[in-house]
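Visitor: Sharing a structure here in structure tokens format.
Nothing in this text is a laboratory measurement; each read-out follows from the coordinates by a stated rule. Being a predicted model, the structure only gives us computed values, none of them experimental. Glycine also receives a Cβ, built like all others from the backbone with ideal geometry; neighbour counts cover every protein chain displayed.
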Amino acid sequence: MKLTPLSVTSGADLKNRISHLPSTPQWQATTIEFSGFTTKEPIELLWRDAFPCVRHLFGNPMYKGYMMTKPCKLYLDREKKWRYYSEGNSGERLWQMQV
């Protein structure tokens, strides 16, 4: 394995570069309550807004060339009897929306 030298010159340089990275969408917390049902501790749902997440993923140059948006159908056999689902682009919904 060949080691490549670091491209930063100091800890301050590294901290400066990190500060310029795009921020990720923030987590939100919502407390869920059900009438007639009590819990020892509150039930919290942790979530992120989908649109900023998608915007972040598609705007991140690190993922350029790795995002699959074209729908495809994958099969495990030559006769196309056994369908294989992996990423979102291999599902029926994206296929129906784009084809």
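Visitor: Among the residues that make up the stretch 26-45, is at least one of them surrounded by 10 or more Cβ atoms within 10 Å (Cβ to Cβ), under 21 Å from Asn60 (Cα atoms) and within 28 Å of the chain's Cα centre (by Cα)?
Guide: No: the stretch 26-45 contains no residue that is surrounded by 10 or more Cβ atoms within 10 Å (Cβ to Cβ), under 21 Å from Asn60 (Cα atoms) and within 28 Å of the chain's Cα centre (by Cα).
Visitor: Something else: So which of Arg48, Arg55, Arg83, Arg78 ends up being of a type in the set (D, E, K, R), farther than 24 Å from Trp27 by Cα and surrounded by 10 or more Cβ atoms within 10 Å (Cβ to Cβ)?
Guide: Only one candidate passes the filter, namely Arg83.
Visitor: Being surrounded by 10 or more Cβ atoms within 10 Å (Cβ to Cβ) and under 22 Å from Leu57 (Cα atoms) is the filter here, so list the residues in the stretch 12-21 that pass it.
Guide: Correct list: Arg17 only.
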